[in-house]
Amino acid sequence: MNKKNGIFNLILKNGLFMYCLLVALCAIGICFYNIFVGLLLLSVSVITFVLTLKAEKKSLDETVKYYSSMADVNSKFDITKGVTIAMISVGTDGKINWWNEAFCAICPTISMHDGITEHIPAITMDLLSKMGNGDECRIDHGEKCYLLTNVPFKADNATDSAFVITLKDITELEYYKKEARDIRTVIMHVLIDNYDELLTEEGDDVSYQAEKEIETLIFDWVKGHGGSVRHIEKGRYMCLFNSETLEKIKSDKFDVLEKAKTRGAGSTIEPTLSIGVGIGGADLSEIDVFAKTALDMALGRGGDQAVVKDGGNFTYFGGKNRETEKRTKVKVRVKALAMLGLIEECDNVIVMGHTNADADSFGASVALACIAMAHGKQAKVLLETYDSTVKALLKSFETNQTHGGLFVNKMQARELMRPKTLVIVCDTHRRSLVAAPEILSEAQQLVLIDHHRRSEEFISNTDLLYHEPFASSSCEMVAEMLQYIGRGGINAEIAEAMYAGVLVDTNNFVYKTGVRTLEAAAYLKRLGADTLRVRKNFRESYEDYRTRSEIACNMEMYKDKIGISKVYTNSVKQDVIAKAANDILEMENVIASFVIAPVSEKTISVSCRSYGDVNVQLIAEKLGGGGHMLAGAAQIENVDADTAEAQLKEAIDSIIDEK
């Protein structure tokens, strides 16, 4: 009945109906004069009337359906009156349009159409818009902690969307979780880096007093933080803490590292510590493994630093000073003889360095291959991509029949792989940078020789690892090994290639040049290296020299002491980029230099140099690269030069501010 009355009222109020009625009356009147015209007008008026009636009825039904849906929404909200979890509805404009009684306990002064951020600053529209249906996040409000669940909501036929938010009080739960985290066991290994030097280079009285001072420092520092410490072997200590204490130690940035340098009782050697911390393991055994791994990482990065391994994550502290050169060569002899034993047991040897091989990678590789051949083994050097310095060195090898067939590509190397093939990797420890990762995967016997500071991406499962971050170059390390296993087939060409490797990595004996570096260079000279011919091989083309000069001229100062040059042109040779960075570092008032240039269509290379005031390795690592304190490099994919510069400056800021 009501529905019929509604339609009747609609008809009476509709002007179009009255118009159709008037046309129908006129049509009836015309029928008396012309029956055909009258019937035609009458038919049109009836059809128009029927269509109008259907359209109005449809509109009325849709209106009723919309308001019914809104009533359903309100009825759902009414259900939440007894729910203890706080609920609130927020529009896309951030305005509050509904809440339940439980929410009033959180925000007693809430009013309709207030902004949600006005009452709870942690809840922003940016946060809600990024959360998917049913996503959760933790927020803090006042002294309470809540679990926020966001449910995007849209009623049928409604044009505006909304967010239905629930807030569950998890303050007590978070408290107990923090308590559980704070009492987690932490194992720490502390090592005096230069313990042997302290004992052997100084007199007995001085060395004994220096050792006691450092040990007292370690014991006092650990006990001052409520930990336990034991002296487990010479120069090495094991400590136990809980994780709450570790957070305090981290906030102090392991200040014991700097304190140790002030202890020494008149010793001419500055004592330094390396610290490895393990946490987050399934049991004590795994935590101890984490601590030892962290200590290896600290030592592999040059010592004088702390590394925390929490599960699969590493955090670094310190490491801003130069590596300390080890004066004893006992380790060299042990590693050299161990490698010789592996060579004698294998069927053949494949040596490879890193992609885009430089003089150091090349010189060390050919020397290691010649050592193997001198002991009766077939040996090949895997070489595919290389820079201009290697291109110059290769010319002398091409004219020497002795070294014919020494070099192979990836396909040829894979054909040579056998179950007892010994693979030697030199001048890199990162799997992603190896010349042929697939060869690495197939190798059942593996030797790794490298001098770069250790990164998290480290080749594991080696049969022999010789890693010395204080060494200037891989060629220096191999030259020292030769003195214990014999020069073998090392002739003048190979000695010159090794000398060139030392020369490049030290920038003409400027970077990381220690006593052992000069001794290795002198040994190579005795093997026949012609230093003048090496220098001639390093002469560059006019085009490369001009490019390098233009890069240096485009340098701009950042923070008044850091030189940055950016190249927009087509690809630049990697060695040209490195030389340009060296040139910029020679400028007055520049303490660190960086060159940003494309090396391919999709790759930007960043070359980093420093005299020690800034640890460029840490900066390069933030860009995905590595190196050592005075020289580093990184490659950034799928970005332009401006974006790479922004990332570089962000990395510089983080290191400078931390320092």
Exercise. Only one of these is under 30 Å from residue 619 (Cα atoms) and either aromatic (Phe, Trp, Tyr) or not in a helix (DSSP H, G or I) (or both): 545, 523. Name it.
Key: 545
Exercise. Would you mind stating whether residue 602 is loosely packed, with under 14 Cβ neighbours inside 10 Å and under 22 Å from the mean Cα position of the chain (by Cα)?
Key: yes
Quiz item: How many residues does region 430-478 contain that are closer than 22 Å to residue 371 by Cβ and either in contact with a helix residue (DSSP H, G or I) (Cβ under 7 Å, 6 or more places away or on another chain) or open to solvent by 20 Å² or more (accessible area, probe 1.4 Å) (or both)?
Solution: 27
Quiz item: Here are some conditions: (1) hydrophobic (A, V, I, L, M, F, W, C); (2) under 19 Å from residue 511 (Cα atoms); (3) open to solvent by less than 10 Å² (accessible area, probe 1.4 Å); (4) assigned to a helix (DSSP H, G or I). Residue 648 meets all but one. Which one does it not meet?
Solution: (2)
Quiz item: Only one of 97, 150 is touching an Asp or Glu at 6+ places or on another chain (Cβ under 9 Å), modelled with pLDDT of 75 or more and of a type in the set (S, T, N, Q); which?
Solution: 150
Quiz item: Quick one: which of 499, 545, 511 is at pLDDT below 95, within 35 Å of the chain's Cα centre (by Cα) and surrounded by 19 or more Cβ atoms within 10 Å (Cβ to Cβ)?
Solution: 511
Quiz item: Would you say residue 474 is over 26 Å from residue 349 (Cα atoms) and modelled with pLDDT of 95 or more?
Solution: no
Self-check item: Among residues of region 361-384, those that are free of Cβ contacts under 8 Å to residues at least 60 places away in the same chain and outside any strand (DSSP E or B), counted
Solution: 6
Exercise. Output the number of residues of region 140-152 satisfying the condition of being surrounded by fewer than 16 Cβ atoms within 10 Å (Cβ to Cβ) and touching a residue at least 12 places away in the same chain (Cβ under 8 Å).
Key: 3
Quiz item: Going by the structure shown, is residue 518 surrounded by 15 or more Cβ atoms within 10 Å (Cβ to Cβ), out of contact with any Gly (no Cβ under 8 Å at 6 or more places or on another chain) and farther than 24 Å from residue 609 by Cβ?
Solution: no
Exercise. Of the conditions (1) surrounded by fewer than 20 Cβ atoms within 10 Å (Cβ to Cβ); (2) touching a Phe, Trp or Tyr at 6+ places or on another chain (Cβ under 6 Å); (3) not aliphatic (A, V, I, L, M), residue 608 clears all except one; give me its number.
Key: (1)
Quiz item: Regarding residue 578, is this residue within 17 Å of residue 630 (Cα to Cα), in contact with a Ser or Thr (Cβ under 7 Å, 6 or more places away or on another chain) and in a helix (DSSP H, G or I)?
Solution: yes
Self-check item: Positions within region 383-408 being modelled with pLDDT of 90 or more and either in contact with a Ser or Thr (Cβ under 7 Å, 6 or more places away or on another chain) or of a type in the set (Gly, Ala, Ser) (or both), in sequence order
Solution: 385
Quiz item: So residue 536 fits all but one of (1) in a helix (DSSP H, G or I); (2) within 21 Å of residue 492 (Cα to Cα); (3) in contact (Cβ under 8 Å) with a residue 24 or more places away in the chain; (4) not aliphatic (A, V, I, L, M); what number is the exception?
Solution: (3)
Quiz prompt | Only one of 587, 629 that is out of contact with any His (no Cβ under 6 Å at 6 or more places or on another chain), in a loop (DSSP other than H, G, I, E, B) and within 20 Å of residue 503 (Cβ to Cβ) | solution = 629
Quiz item: Considering only residues of region 356-374 that are over 17 Å from residue 537 (Cα atoms) and open to solvent by 10 Å² or more (accessible area, probe 1.4 Å), which is modelled with the lowest pLDDT?
Solution: 356
Practice problem: Being at pLDDT below 95, farther than 25 Å from residue 302 by Cβ and open to solvent by less than 10 Å² (accessible area, probe 1.4 Å) narrows it down to one of 639, 576, so name that one. | Solution: 576
Exercise. Output the number of the condition that residue 522 fails; it satisfies all remaining conditions of (1) hydrophobic (A, V, I, L, M, F, W, C); (2) within 26 Å of residue 652 (Cα to Cα); (3) without any contact (Cβ under 8 Å) to a residue 24 or more places away in the chain.
Key: (2)
Practice problem: Could you list, in sequence order, all residues of region 98-113 that are open to solvent by 50 Å² or more (accessible area, probe 1.4 Å), assigned to a loop (DSSP other than H, G, I, E, B) and touching a helix residue (DSSP H, G or I) at 6+ places or on another chain (Cβ under 8 Å)? | Solution: 109
Quiz item: All but one of (1) at pLDDT below 90; (2) open to solvent by 40 Å² or more (accessible area, probe 1.4 Å); (3) among the polar types (S, T, N, Q) hold for residue 267; which doesn't?
Solution: (2)
Quiz item: So which residues in region 153-173 are at pLDDT 70 or above and open to solvent by 30 Å² or more (accessible area, probe 1.4 Å)?
Solution: 166, 168, 169, 171, 172, 173
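The values are calculated or read from the model by the stated rules, or taken from the named source; none is laboratory data. All values reported here derive from a predicted model rather than from experimental measurement. Every residue, glycine as well, gets a Cβ built from its backbone with ideal geometry; the counts of neighbours run over all protein chains shown. With ligands, DNA and RNA removed, areas are computed over all heavy atoms of the protein, side chains included. Shrake-Rupley method; radii C 1.70, N 1.55, O 1.52, S 1.80 Å.
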